[in-house]
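Take a look at the structure below.
Each value in this text was obtained by applying a stated rule to the coordinates, not by laboratory testing. These figures come from a predicted structure and were not determined experimentally.
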Amino acid sequence: MTQETFRDTVFSLKNEMYRFAKRFVMSSDEAEDVVQDLMMKFWQKKEELAQFGNLKSYALKAVRNECLNRLKHHEVKTGFADMQLHRSELYSMEVNNLKEHIIGFINELPEKQKAVIHLKDVEEYEVSEIAEMLEMEENAVRVNLMRARQKVKDQISQLMSYEQRQISR
């Protein structure tokens, strides 16, 4: 694979990889590090990349695995309690607009639901592609997507009813 081919095929996926990584690690710097590390690995394995049928699917799988490895390493390094406290602080921050609330609600979802809702509703992948990327059955993707959307919808409803009570007082 030439440098030009690599740039046109693999490097062109960097923005999608970044957005997907940021959903997992919740840090712009960490997401950039994930993408940069994976680009280096992909470049080192550039001749082997042609073997993979769907390069986009392979790249997003690699992002997911790298993020999960980093999160696991971070939990071991800093302790699970510290990480949970940090996440709680992030989620409990006051935000003023609905978009930020929705992003917060999505970030609170379990990892599978978070990944599925991001790939479907943000990246606009088909269910079959998501199933391949996350190594899940298509039906499991649909179920996780339905549950994720329902949880976000319920949280938005709670937020709206709370805000209405605050306004009425």
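Summary table
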{"quantity": "Under the Karplus curve 6.51 cos²θ - 1.76 cosθ + 1.60, θ = phi - 60°, whole-Hz ³J(HN,Hα) for the stretch 145-150, x wherever Gly or Pro sits", "calculated": "5, 4, 5, 4, 4, 5"}
{"quantity": "Rounded to whole Hz, the Karplus (6.51, -1.76, 1.60) HN-Hα couplings of the stretch 48-60, x for glycine and proline", "calculated": "7, 4, 5, 5, 7, x, 9, 5, 4, 4, 4, 5, 5"}
{"quantity": "Under the Karplus curve 6.51 cos²θ - 1.76 cosθ + 1.60, θ = phi - 60°, whole-Hz ³J(HN,Hα) for the stretch 27-39, x wherever Gly or Pro sits", "calculated": "8, 4, 5, 5, 5, 5, 4, 4, 5, 4, 4, 5, 4"}
